[in-house]
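Here the structure is laid out as structure tokens; the discussion comes afterwards.
The values are calculated or read from the model by the stated rules, or taken from the named source; none is laboratory data. None of these values were measured; they are calculated from a predicted model. All Cβ positions, glycine included, derive from the backbone under ideal geometry; neighbour counts span all protein chains shown.
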Amino acid sequence: MSFYIASSPHHHQRRTTAKLMQWVLIAMLPGFLAQLYFFGWGVILQLLLAIAVALAAESLCLLARDRAPSTGLQDNTAIVTAALLAVSIPPLAPWWIIVIGTLFSIVVVKHLFGGVGHNIFNPAMAGYVVLLISFPVQMTAWMPPTGLATQAPSFIDSLYLFLFQFTSEGFSLEQMRRVDTGAMLDAVVMATPLDHLKTQLSQGATLSEAMQHPQFTGLAGMGWQWVNLGYLLGGLLLLQQRIIQWHIPVALIASLAFCALLGSILAPDYLPGLSIHLFSGATMFAAFFIATDPVSAATSSKGKLIYAGLIGVLIYVIRSYGGYPDAVAFAVLLANLCVPVIDQYTRPVTYGHRKEQG
Amino acid sequence: MAVEISATSKLWRFPGGIHPPERKAPANLNNIQRFPLPPMLFIPLHQHIGEDGELCVAVGDYVLKGQPLTIPGVNNGLPVHATTSGTITAIHEHPLNHPSGLTGLTVCLEPDGKEAWYPRQPLNNMDALSQREVLQHLQAMGIAGLGGAGFPTARKVAGAKNIDVLIINGVECEPYIASDDRLMREHAKEILAGSHILQKLTFAKQLVIAIEDNKPEAAAAFREAIEQFSVTADFSADGADPAGSAARTNRQPILKIVPTRYPSGGEKQLIQVLTGKQVPVRGLPADIGILMQNVATAYAVERAVNHGEPLLERVVTITGEAVKNPGTAWALLGTPIDYLLAQSGFKPGKKQRVIMGGPMMGFTVTNLQIPVIKTTNCVLAPTHKELTPPQAEMACIRCGACEIACPASLLPQQLQWLAKAQDYAGLKQHHLADCIECGACAYVCPSQIPLVQYYRQAKAEIREQTIEQQKSEIARQRFEARQARLEREKEERLEKHRKAAEARKAAQAARQSEATATEQDPVKAALARVKAKKAQQTAPAANTESPQGPAGSASQTTPEHKVDQKTDQKDAVAAAVARAKAKKAERDRLAQAENNNEAEKPIAAKNAPDHDKKDAVAAAVARAKAKKAERERLAQAENNASTTNTKGSDNG
């Protein structure tokens, strides 16, 4: 009788890439649900369309590259990219925004560089930056979180705004804003906390004046702090499941916190403090879900610390001195560029190669 | 700084490592069994690292249990022995217990069931013997490292100087395997005695026994054995220690329990766990004062020294869900695997794998006729469900799980890219050679990349390439030597031709001056002319046919013999023509022969003694260079072998 031949090891941990990606999606749930609660139905519409476009684009790219889509799609990486991008953009941005972003992420950033495992840049963040630069108006039109909005758009209105940029009664986002002009708040569209602070500070207001705005309650702004806490929770789940290692989130948060503390000691009136930096914007999302993308991150443990530390510093610098209110996408892409150099200089010392005394 | 370990000294951590399911049960639950004698034993001459011994039996011979089948040959190869009494029915090529599936010379022994022993010679007075004599005995008993690679124990001990610590490795970190576990539980006392013999031989100051914390019963057995061991009993009679430094030798064994983590049984890893030190690259543990032996080796040493028994059997674990009665058994070397499996109730399933060794480092076999050899510690027959073969390889997502798992602090992922790109320089730079092929990286890889397979292939390719380079270097040296010789010969030939030409010119000049001198004498010339005329009248053809021309012929021919000369001259001319032709033919032949000679035998030039001398020198230089290259290659091979050994003994 003939026996089956295989190369050692004959035993394998049953944890495939597809399973890892499933865990990432599961871990996104708390943050995603917080976003859904505070920012309405648009979040889910963006997600569904992004996933559909990503799967279609992935299949076509795999076909064009002579790979079997059936096996290529199994790794779930396209779905994760789509989900990461979908939760990054304003929930009521028109449908073509997410379509363009997803296509760019999957086709250009991922497959034109050689497919999964070969992309230099984080696909979701590269797609996000393309959208932010190309469509700044749509990409900064975030809604006020539930609780501040005078009227939250219904599911039907959200769907209409998403598809046609008009509500079922025929108002555009801009018109809805004007309807409510008398009110202190924008009705549907509002600057994010970081955006608001940036604008106010650049107009000469002090930090405490800028934070008079009613959205600054709790740690770091209504809604946003909960979204951040949600992603923190999901991130801890990833750590507990050993889907990600501690190096990147810890280094990113630590370096950002260090910069924020230093800034608030040096210029407490003009630079936002620790809690704003950590729990507003996309900080936790970046620390656990974006920077931890294995493909575009540094590989060695030491390299990961440097890489994530660099992202933290860049986030702080761009937020404080750059032209954009949030900086995660730019910081991650810039750090992606440094990865080959970081990898080159952080190779671990192989067993027996250590110089020892005695 | 000397290595020192105490019962309470700190344990270190090696980087990486994994926790695969151990699955030592149920194989480790029952006592080591002893199966009936198999109907036929296949004892291969090659069972260990190093050269084979020389065959000293013939087909039809009746041999006794323990009788040597081979004797140490020219290269001091380890002998193998008849593992029971019986008749040698054949000596032929038989499948080897090796991943290659190649065959090797094997003695087929049909047991007669009497188990009649060849005379045994225990070393009762070991203390009176020198280290060398005891090592010779171990060599004659065929003792090799039973942990993995099978490095001859005597050679390992002889090569180790200034040993501080002798570590007896009972870690057995590879899943499924329970051979050492059972041996330690049942024979801790003998292992301890063997360890003391090894300690005496190595003059190690300390004796450390290391066991993983998942074998509490084995540890308890050792604790008991150590308690029973009386330190003073034979301490005073420690005559083997030449420096008389019995006092500095602490014979109280230290039992160290190390945390379970694969591959903590690896020689290098265990050294790091126990001492925090690393074996330097391209070095041996002895370089940092450490020698490691497997528990089963220590047991075999005890049997050889105290009972005079050669290495005839070993404990083999037969396990896996395709086996009905998994367990451990004493297997005679040469027992075919299918006999062991049949005795254990093997039921092969679909796509059945039979693995020699454990699931992490073992190799699959196709032929179950392969025998148990000195390094066989486990026969694993898993079901398809139990150890699912890897799925199709997917793209690397650079997750870095492999790097976290690597106990050698390599970058498995980069090595994989480099191996796929066949970038051998890059692989060297990333220290591929330091990979111990433990399989931890491939175990954790979410993309199911068979990383170890890539490394093995790359290592083989690099080995091939190195051999090719050495070959081409030798060829280059030979070519250059030949070019130099040809150049020299050409110059010498030209020089010879030049001299010959000069001589010819000189001769011609002499002749011409002679001729002119003749012409200057008118009387003589006139006489000659008359004579010539007369001669012409009798022999008109002679002048025209003579190759020497009229002047020569005139000067040589004398009038007195002109009549006789007529016929003589004709003959002479014909002979001269023939000679010229023959000369030319000879020249052509010689030239061609030399050409052939040069083309076929570049070094062996036989033209002149002078050349010979020079050529001989050149050839000697080339030979010396080749010899040196060969020596270096051998040294490296040995180094590699010892690395493998390390690896093996670690996991054993």
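Being more than 9 Å from chain A (Cβ to nearest Cβ), surrounded by 24 or more Cβ atoms within 10 Å (Cβ to Cβ) and part of a loop (DSSP other than H, G, I, E, B) is true of B:THR376.
Can you find a residue that is at positive phi and either surrounded by fewer than 22 Cβ atoms within 10 Å (Cβ to Cβ) or touching a residue at least 24 places away in the same chain (Cβ under 8 Å) (or both) anywhere in segment A:24-42?
Just the residues of segment A:24-42 that are at positive phi, to begin with: A:40.
With the extra rule that they be either surrounded by fewer than 22 Cβ atoms within 10 Å (Cβ to Cβ) or touching a residue at least 24 places away in the same chain (Cβ under 8 Å) (or both), the set shrinks to A:40.
Yes, segment A:24-42 has at least one match.
Against the numbered list (1) surrounded by 24 or more Cβ atoms within 10 Å (Cβ to Cβ); (2) part of a helix (DSSP H, G or I), B:HIS196 comes up short only at (1).
Within segment B:340-356, is even one residue assigned to a loop (DSSP other than H, G, I, E, B), buried (at least 22 other Cβ atoms within 10 Å of the Cβ) and more than 14 Å from every other protein chain (Cβ to nearest Cβ)?
We begin by selecting, within segment B:340-356, every residue assigned to a loop (DSSP other than H, G, I, E, B); these are B:344-345, B:347-354.
If we keep only those that are buried (at least 22 other Cβ atoms within 10 Å of the Cβ) too, we end up with B:344, B:353-354.
Those left that are additionally more than 14 Å from every other protein chain (Cβ to nearest Cβ): B:344.
Checked against the condition, which is being assigned to a loop (DSSP other than H, G, I, E, B), buried (at least 22 other Cβ atoms within 10 Å of the Cβ) and more than 14 Å from every other protein chain (Cβ to nearest Cβ), segment B:340-356 yields at least one hit.
Looking at segment A:282-306 only, could you name the residues that are among the aliphatic types (A, V, I, L, M), assigned to a loop (DSSP other than H, G, I, E, B) and more than 9 Å from chain B (Cβ to nearest Cβ)? Listed by number, the residues that qualify are A:ALA282, A:ALA291. Per the conditions (1) within 14 Å of chain A (Cβ to nearest Cβ); (2) of a type outside the set (Lys, Arg); (3) farther than 29 Å from B:ALA188 by Cα, the sole criterion not satisfied by B:GLY17 is (3). Of the helices (runs of 4 or more DSSP H) entirely within segment B:391-481, those holding at least 3 residues that are buried (at least 22 other Cβ atoms within 10 Å of the Cβ) occupy B:401-405, B:412-420, B:440-444.
Tell me, which residue of segment B:354-372 that is among the aliphatic types (A, V, I, L, M) and touching an Asp or Glu at 6+ places or on another chain (Cβ under 6 Å) is farthest from B:ALA442 (Cα to Cα)? So that I can check it myself, show each step before the final result.
Step one: list which residues in segment B:354-372 are among the aliphatic types (A, V, I, L, M), which gives B:354-356, B:360-361, B:365, B:368, B:370, B:372.
Pick out the ones that are also touching an Asp or Glu at 6+ places or on another chain (Cβ under 6 Å) and you get B:360, B:368.
Details: B:MET360: 9, B:LEU368: 27 Å.
Here the answer is B:LEU368.
For segment A:286-301, the count of residues that are touching a Leu at 6+ places or on another chain (Cβ under 9 Å) and surrounded by fewer than 17 Cβ atoms within 10 Å (Cβ to Cβ) is zero. Tell me, yes or no, whether segment B:2-11 has at least one residue that is β-branched (Val, Ile, Thr), in contact (Cβ under 8 Å) with a residue 40 or more places away in the chain and either within 14 Å of chain A (Cβ to nearest Cβ) or touching a Pro at 6+ places or on another chain (Cβ under 8 Å) (or both). The answer is yes, given that some residue of segment B:2-11 is β-branched (Val, Ile, Thr), in contact (Cβ under 8 Å) with a residue 40 or more places away in the chain and either within 14 Å of chain A (Cβ to nearest Cβ) or touching a Pro at 6+ places or on another chain (Cβ under 8 Å) (or both).
Picking from residues in segment B:408-432 that are among the small types (Gly, Ala, Ser) and free of Cβ contacts under 8 Å to residues at least 40 places away in the same chain, the one that is farthest from the other protein chains (Cβ to nearest Cβ) is B:ALA425.
Okay, residues lined up against (1) in a helix (DSSP H, G or I); (2) within 19 Å of the chain's Cα centre (by Cα); (3) without any contact (Cβ under 8 Å) to a residue 24 or more places away in the chain:
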{"position": "A:VAL313", "(1), (2), (3)": "yes, yes, no"}
{"position": "A:VAL317", "(1), (2), (3)": "yes, yes, no"}
{"position": "A:TYR324", "(1), (2), (3)": "no, yes, no"}
{"position": "A:ASN336", "(1), (2), (3)": "yes, yes, no"}
{"position": "A:PRO340", "(1), (2), (3)": "yes, no, yes"}
{"position": "A:ARG347", "(1), (2), (3)": "no, no, no"}
{"position": "A:TYR351", "(1), (2), (3)": "no, no, yes"}
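The residue pairs whose first member lies in segment B:39-68 and is over 14 Å from B:LEU332 (Cβ atoms), whose second member is among the acidic types (Asp, Glu), and whose beta carbons are closer than 6 Å, counting only pairs six or more residues apart or on different chains, are B:LEU45/B:ASP52; B:HIS46/B:ASP52.
Here B:ILE370 fulfils each of the conditions (1) under 30 Å from B:PRO310 (Cβ atoms); (2) within 7 Å of chain A (Cβ to nearest Cβ) apart from (2).
Kindly establish whether A:ALA331 is buried (at least 24 other Cβ atoms within 10 Å of the Cβ), under 19 Å from the mean Cα position of the chain (by Cα), under 29 Å from A:GLN240 (Cβ atoms) and more than 14 Å from chain B (Cβ to nearest Cβ). Write out each step before concluding.
Numbers: buried (at least 24 other Cβ atoms within 10 Å of the Cβ): yes; under 19 Å from the mean Cα position of the chain (by Cα): yes; under 29 Å from A:GLN240 (Cβ atoms): yes; more than 14 Å from chain B (Cβ to nearest Cβ): yes.
Criteria met by A:ALA331.
Within segment B:30-66, can you find the residues that are assigned to a loop (DSSP other than H, G, I, E, B) and either closer than 13 Å to B:PRO111 by Cα or of a type in the set (Gly, Ala, Ser) (or both)? Within segment B:30-66, B:PRO36, B:LEU37, B:PRO38, B:PRO39, B:MET40, B:GLY50, B:GLY53, B:ALA58, B:GLY60, B:ASP61, B:LEU64, B:GLY66 qualify.
Yes or no, residue by residue, for (1) over 23 Å from B:ASP213 (Cα atoms); (2) of a type outside the set (Phe, Trp, Tyr); (3) in contact with a Ser or Thr (Cβ under 6 Å, 6 or more places away or on another chain); (4) within 14 Å of another protein chain (Cβ to nearest Cβ):
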| residue | (1), (2), (3), (4) |
| --- | --- |
| B:GLN278 | no, yes, no, yes |
| B:ILE288 | yes, yes, no, yes |
| B:ASN294 | no, yes, yes, no |
| B:ALA298 | no, yes, yes, no |
| B:ARG303 | yes, yes, no, no |
| B:ASN306 | yes, yes, no, no |
| B:PRO310 | yes, yes, no, no |
| B:LYS324 | yes, yes, no, no |
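Selection of helices (runs of 4 or more DSSP H) fully inside segment A:1-105 by the criterion of at least 1 residues being within 14 Å of chain B (Cβ to nearest Cβ), modelled with pLDDT under 85 and within 24 Å of A:ILE244 (Cα to Cα) returns A:69-72. Given the criteria more than 20 Å from A:PRO249 (Cα to Cα), within 14 Å of chain B (Cβ to nearest Cβ) and out of contact with any strand residue (DSSP E or B) (no Cβ under 9 Å at 6 or more places or on another chain), does A:THR346 qualify? It is false that A:THR346 is more than 20 Å from A:PRO249 (Cα to Cα), within 14 Å of chain B (Cβ to nearest Cβ) and out of contact with any strand residue (DSSP E or B) (no Cβ under 9 Å at 6 or more places or on another chain).
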